[in-house]
Amino acid sequence: MKLLVCGGAGFIGSNFVRLRVRDHGDEVVVLDKLTYAGRLENLADVDHTFVHADIADAEKVREAMAGVDAVVNFAAETHVDRSIAEPDAFVTTHAVGTYVLLEAARERGVRYLQVSTDEVYGSIASGSFTEASPLQPSSPYSATKAGADLLVASYYETFGLETVICRGSNNYGPYQYPEKLIPLMVLNAFHGDKLPVYGDGMQVRNWLYVEDFGRGIGHVLAHGAPGEVYNVGGPDECPNIDVVKRIVALTGNDDTLIEYVTDRPGHDRRYSLGSEKVRALGCVAQVRFEEGLDATGKWYRVNTDWWESIRSGDYLEYYKRQYGTALGG
Ligand code: NAD
Ligand code: DAU
């Protein structure tokens, strides 16, 4: 297959591209704007063609889509805290960008997979979301992702474009930008910096190893029915404070590094994703949280060059703005 992977220089996108090239022999064109979260280094070891462009740039998108069998769209602004501080780019990329991609896919008759998130369903106190659960997003991030999903669905209903939507739960693993919970805590712990836990730390996330999400997306691309939505959830749920305590133990620290800080506004209490539909297609997440977290910690321990270049400059400024405190280390 020849794939156009938008947002392929980010965390999940780059892991997906590696998987497709290595295990499936796919030819891949990556189109990415290279925001602060997109990095060519993430793809240094993978054969691909790179197009530096915004998904909202209709001309470049149309050109990049020539001759491809399918488009997989990962391109997004992805950090909830940034969507609260500065929502602009979330609205533009998720609404206008998705629209531009859909128009080009329609023109070229190319199958389209939208990568989405469990956050579009909002928070659930008990039980798990199914694909039929209502969309009740809480943050500008999840609201604009939900808007993109609805636009994708409309292109199937109205124009008959072959679309599928894949909603993943919280991913973790190699190459994740250290604004997200797990890499932030791992790197802070390496440096003996404080570990900022929002609110009471009892919010629950449904952890999915990034390669399992990549496998799920590939499976849905090959076997999913047009017009359908597929949830891809992780095998384990864990309260944030337990995740942080595991990281403290893995890095040989003690709990005195943990600091409870002001909660995130509109913070969703619990996510839980039911994945029966994708399981019925023959796809099951394989990596348990304990094993995946251990592998992730080891990856960050070894790949210091990767994160040292991030954990400086803009990142330190972002950290100070978000947490009101400077990083030491
Ligand atoms: P990321 O922030 O690591 O990567 C996003 C990538 O998109 C970057 O390479 C960035 O440069 C690129 N990008 C951003 N705006 C762009 C634009 N306008 N044009 C072209 N490229 C642009 O994000 P991630 O965690 O890898 O998430 C990828 C996708 O998966 C997103 O759609 C996200 O909503 C979804 N998702 C993420 C998770 C998670 O836990 N991280 C879970 C479920 C779904
Ligand atoms: O559920 C899927 C979503 O997971 C994706 O769609 C998003 O793109 C991705 O960013 C992620 O969103 P979360 O908000 O769940 O992830 P984050 O890593 O920001 O936070 C995870 C939990 O940890 C959340 O309850 C907030 C908490 N947290 C986070 C940070 C960064 C803290 O307590 N302290 C922190 O410093």
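The values are calculated or read from the model by the stated rules, or taken from the named source; none is laboratory data. Because the structure is a prediction, the values reported are computed rather than measured. Positions of Cβ are backbone-derived with ideal geometry, glycine not excepted, and every protein chain shown enters the neighbour counts. Just so you know, the surface numbers come from the protein's heavy atoms only, side chains and all, with ligands and any DNA or RNA stripped out. Shrake-Rupley method; radii C 1.70, N 1.55, O 1.52, S 1.80 Å.
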Seminar exercise, completed: In Å², rounded to a whole number, the accessible area per residue of the range 49-110 with probe 1.4 Å is 43 Å²
Problem set entry | the range 1-42, accessible area per residue, ligands and nucleic acids excluded (1.4 Å, Å²) | 34 Å²
Exercise. Along its principal axes, what span do the Cα atoms of the range 64-170 show, with the longest given first and each in whole Å?
Worked result: 44, 31, 22
Exercise. Under 5 Å between amide H atoms, partner at least 5 residues away or on a different chain: which partners does V261 have, H built in plane at 1.01 Å?
Worked result: V197, Y198, G199
Problem set entry | Hydrodynamic radius of the chain per Kirkwood, over alpha carbon pairs, in Å | 20.0 Å
Exercise. When the scattering of the range 256-329 is computed by the Debye formula from its Cα atoms alone, each counted once and equally, what is log10 I(q)/I(0) at q = 0.17 Å⁻¹?
Worked result: -1.06
Exercise. Against the longest alpha carbon principal axis of the chain, how many degrees, from 0 to 90 and to the nearest 10, is the axis of helix 98-108 turned?
Worked result: 30 degrees
Exercise. Relative to the longest principal axis of the chain, what angle (0 to 90°, nearest 10) does the C-alpha long axis of helix 240-250 take?
Worked result: 70 degrees
For this session: Could you size up the charge dipole of the chain around its Cα centre, putting +1 on the beta carbon of Lys and Arg and -1 on that of Asp and Glu, and report it in debye to the nearest 20?
Result: 200 debye
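How would the range 108-264 be classified by its alpha-carbon gyration tensor: rounded, prolate or oblate, with rounded meaning a/c under 1.5 and the a/b versus b/c comparison settling the rest?
prolate
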Exercise. Quick one: in the range 137-219, what % of C-alpha pairs are over 20 Å apart?
Worked result: 54 percent
Exercise. Tell me, Kirkwood radius of the range 184-314 from alpha-carbon pair distances, in Å?
Worked result: 16.7 Å
Exercise. Dividing the convex hull volume of the Cα atoms of the range 1-88 by its residue count, what figure in Å³ per residue is obtained?
Worked result: 85 Å³
Exercise. Pairs K298/K320; K194/K277; K2/K320: which are spaced more than 32 Å apart, C-alpha to C-alpha?
Worked result: K194/K277; K2/K320
For this session: Report in % the part of the accessible area of the chain that belongs to carbon and sulfur, leaving out ligands and nucleic acids; probe 1.4 Å.
Result: 49 percent
Exercise. Rounded to the nearest 0.05, what FRET efficiency do D57 and D88 have when you use their Cβ-Cβ distance and R0 = 25 Å?
Worked result: 0.90
For this session: Any chance you could give the angle, 0 to 90 degrees and rounded to 10, that helix 181-191 forms with the longest Cα principal axis of the chain?
Result: 40 degrees
Seminar exercise, completed: Working note, the range 50-111: Cα radius of gyration (Å, one decimal) and Dmax (Å, whole number) are 12.7, 39
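Rounded to the nearest 500, what is the 222 nm mean residue ellipticity of the chain from helices alone, with -39500 (n - 2.57) per DSSP H run of 4+ residues and division by all residues?
Taken over the chain, the calculation gives -12000 deg cm²/dmol.
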Seminar exercise, completed: With R₀ set to 22 angstrom, the calculated FRET efficiency between the beta-carbons of D45 and E317, to the nearest 0.05, is 0.15
For this session: Given the options D305, D193, D268, state which has the largest fluctuation in a GNM of the chain using a 10 Å cut-off (strictly under) for Cα springs.
Result: D305
Problem set entry | Zone residues, the range 216-239, relative to A280, backbone N less than 14 Å from point 7 Å out along Cα-to-Cβ | 224-226, 228-231
